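Take a look at the structure below.
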Amino acid sequence: MRGVRAFEPLLAALAALATAAAAQEDGAPPSRIAVVGAGIGGSATARFLRQHFGPDVQLDVYEKGEVGGRLATVTVNRNRYESGASIIHALNLHMHDFVKQLGLKQRRSVAGKTAVFDGASVVAEETDWYLLDLLRLWWRYGSSFIRLQMWLEEIMEKFIRIYKYQAHGFAFGSLEELLESLGGSGFVNMTRRPLSDSLLELGVSQRFIDEVVAPVIRLNYGQNVSVPAFVGAVSLASAQSNLWAVEGGNKLLCEGLLKSANANLLRARVTSVRTLRSGGALRYELGLAGEGPERRTAAYDAVVVAAPLRAGADISFPDWASPAVPGEGEWQSTVVTLVHGYLNTSLFGFRDPRLFPYAGVLTTAAPALFFNSVAGVYPVEVPPGFRRKRAHEAAVYKVFSPAVLTGEQLKTLFRSYYSAQATEWRAYPRYGSAAGATLPPVELGPHLYYLNGIEWAGSAMEMSAVAAKNIALLAYRRWNGRSLRVNREDLLRAIKTEL
Ligand SMILES: Cc1cc2nc3c(=O)[nH]c(=O)nc-3n(C[C@H](O)[C@H](O)[C@H](O)COP(=O)(O)OP(=O)(O)OC[C@H]3O[C@@H](n4cnc5c(N)ncnc54)[C@H](O)[C@@H]3O)c2cc1C
């Protein structure tokens, strides 16, 4: 079972506190808000909170590790490479805005072809000719490619409505309501239904699912086509063209957002969130890890948890009955290894590396395969005149695998190598088949918000940014007792009336 139902006892316990959720009667702005986590979700939340609540509120962001979270770089051979989230879709408008507002630059992409390997041979490949690719796709998979493309376009067209709603100040108290406003009950069902079922129903062939769709899901989420259709669509959208990244590294976004929010970055691990009641007001204090007994912070008017909650890990909520959250086992581990060396192209049927035409190789779900993908990568600062290395030259490759690669496996994949650096990520939810499961709550209590539930719909930088904007809007409206723009049903009509 997807662990999100485990939130229900927590919500029941909090219902008793709900009366305290009333707006602040004196109309004063909150004096202090805490954000837990300085990944893209927490940093974006800080910036949006500043925009909505103005200059006077004190914003404290707690971070136990590095600013950026799953946006991180690793240095190989004197250059830095993305080891976490690396690509951003052209339609990710919050990311576009951040780059523009922070004075950052988009990094150019260096073209390269991709192939799909089934453990024995290459079963699908890109060529230099778009038309030839189309003809080949048609010959091998019939109309599957076109059907998938049309499905994705329809989903994206609906998804981008979120930017209009957020620009008009609409907020949603639950992820289901947010998704429903964009794509009706169809979007909500897509979070509960396996991708493979949705695609087969569309008329996409099983062969196309096995040879094209499954390798993309393995690359992006290390999982198979039983992931829910919504996260499947997020993943497949990332296989389209027009992808970009931030020059200098994606984590520059987080640093810039925190700075522009004028937030206080506090290096500490939050261990608990406790409620404090004085008079009629409800506030929160955080417990912090350190030497000796747990330290306590001063009181906060609102708290945003922008880090994945897992049962038995990190943050407890001692005042609440059974604050159960998804278990550790419900997060997928993914290992990213950056290898500087010579790819063993004969593994893919090319004895002469000079003839190997691909920049990257994805894999099907063949049981014997120990890696999900391998691709030549370029540094976060692309030097002028940079060209992608050919396979007979030493180059830097990124390998995704479900477990740390053994020496033997590295020797299978590389003829020889100078260095191999592995980063083990607790990467994203393990989606499972997700049948019938509900999504985690956005509101854990009065003025207490949870951002990373959105990852159960789809884990991506832009999804965290969308959740951040929603929480900032929601927090503002809840604080001021304005529910007018929360959960309004006919948003499109409402917006048209206003325009
Ligand atoms: C290998 C990999 C590749 C990916 N590729 C892409 C991609 O190409 N494109 C894309 O869009 N997405 C990608 N993703 C997904 C993307 O990284 C995440 O969806 C996104 O970064 C989540 O951001 P976040 O801020 O919500 O969470 P996080 O980045 O996890 O940030 C949470 C922060 O909270 C901190 N924290 C946790 N607990 C505590 C505590 N108790 N006290 C204080 N601080 C705490 C953590 O240290 C962390 O910094 C990838 C993820 C991985 C792992």
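Laid out as a table, the results:
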item	result
Rounded percent of accessible protein surface that carbon and sulfur make up, the range 280-431, 1.4 Å probe	53 percent
Kirkwood-based Rg to Rh ratio, the chain, C-alpha trace	0.98
For S83, residues with placed amide H under 5 Å, excluding near neighbours	A72, T73, V74
Taking the convex hull of Cα positions in the range 205-258, its mean projected area over all directions (nm²)	5.1 nm²
Residues L276 and A366, FRET efficiency given R0 of 51 Å [Cβ-Cβ distance, rounded to 0.05]	0.40
Solvent-accessible area per residue, Å², over the range 293-432 with all protein chains present [probe radius 1.4 Å]	44 Å²
Cβ-derived FRET efficiency at R0 41 Å, Q51 paired with F386, nearest 0.05	0.65
Estimated dipole of the range 132-269 in Debye, rounded to 20 [Cβ of Lys and Arg +1, of Asp and Glu -1, Cα centre]	380 debye
Around G290: net Lys/Arg minus Asp/Glu count, Cβ-Cβ under 14 Å	+3
From phi via Karplus (6.51, -1.76, 1.60), per-residue ³J(HN,Hα) for the range 467-478 in Hz, x at Gly/Pro	5, 5, 5, 4, 5, 5, 5, 5, 4, 5, 5, 5
Residue list for the range 98-126, given a label point 7 angstrom along the Cα-to-Cβ vector of R136 and an amide N cut-off under 13 Å	113-117, 122-126
Accessible area, probe 1.4 Å, largest first, for residues R387, R140, R351	R351, R387, R140
At 1.002 mPa s and 20 °C, Stokes diffusion of the range 152-242 via Kirkwood alpha-carbon radius, µm² per second	154 µm²/s
Förster radius 56 Å - calculated FRET efficiency between E408 and K158 (Cβ-Cβ, nearest 0.05)	0.75
³J(HN,Hα) computed for each position of the range 87-102 - Karplus, 6.51 cos²θ - 1.76 cosθ + 1.60, integer Hz, glycine/proline x	10, 10, 7, 4, 8, 7, 6, 5, 4, 4, 4, 4, 4, 5, 5, 8
Charge-dipole axis of the range 374-447 as Lys and Arg at +1 and Asp and Glu at -1 on Cβ define it, positive-most pick from V374, P446, Q421	V374
Additional length obtainable on full extension of the chain from E393 to N189, 0.36 nm per residue less Cα span	68.6 nm
Gained length - E66 relative to E201, 0.36 nm times residue gap less alpha-carbon distance	44.2 nm
Environment charge at T423 (Cβ cut-off 15 Å; Lys +1, Arg +1, Asp -1, Glu -1)	+2
Acute angle (nearest 10 degrees) that the helix 130-141 long axis makes with the longest principal axis of the chain, alpha-carbon atoms	90 degrees
The range 172-212 - percent of accessible surface contributed by carbon and sulfur, probe 1.4 Å	47 percent
Cα-based helix-to-principal-axis angle, 175-190 vs the chain, degrees rounded to 10	40 degrees
Accessible area of the range 442-485 belonging to carbon and sulfur atoms, whole % at 1.4 Å probe	46 percent
Cα coordinate range in the range 268-391, projected on the principal axes (Å, largest first)	76, 41, 29
Only Lys, Arg (+1) and Asp, Glu (-1) charged, at Cβ; the range 388-439 dipole about Cα centre in debye	220 debye
Helix axis angle, 40-53 relative to the chain longest principal axis, alpha carbon, degrees	40 degrees
Once the Cα gyration tensor of the range 432-471 is diagonalised, semi-axes √(5λ) in Å	19, 15, 5
Computed label-point distance, nm, for sites K100 and S419 using a 7 Å Cα→Cβ extension	3.8 nm
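The values are calculated or read from the model by the stated rules, or taken from the named source; none is laboratory data. For clarity, every value in this text was computed on a predicted model and none was experimentally measured. All Cβ positions, glycine included, derive from the backbone under ideal geometry; neighbour counts span all protein chains shown. With ligands, DNA and RNA removed, areas are computed over all heavy atoms of the protein, side chains included. Shrake-Rupley method; radii C 1.70, N 1.55, O 1.52, S 1.80 Å.
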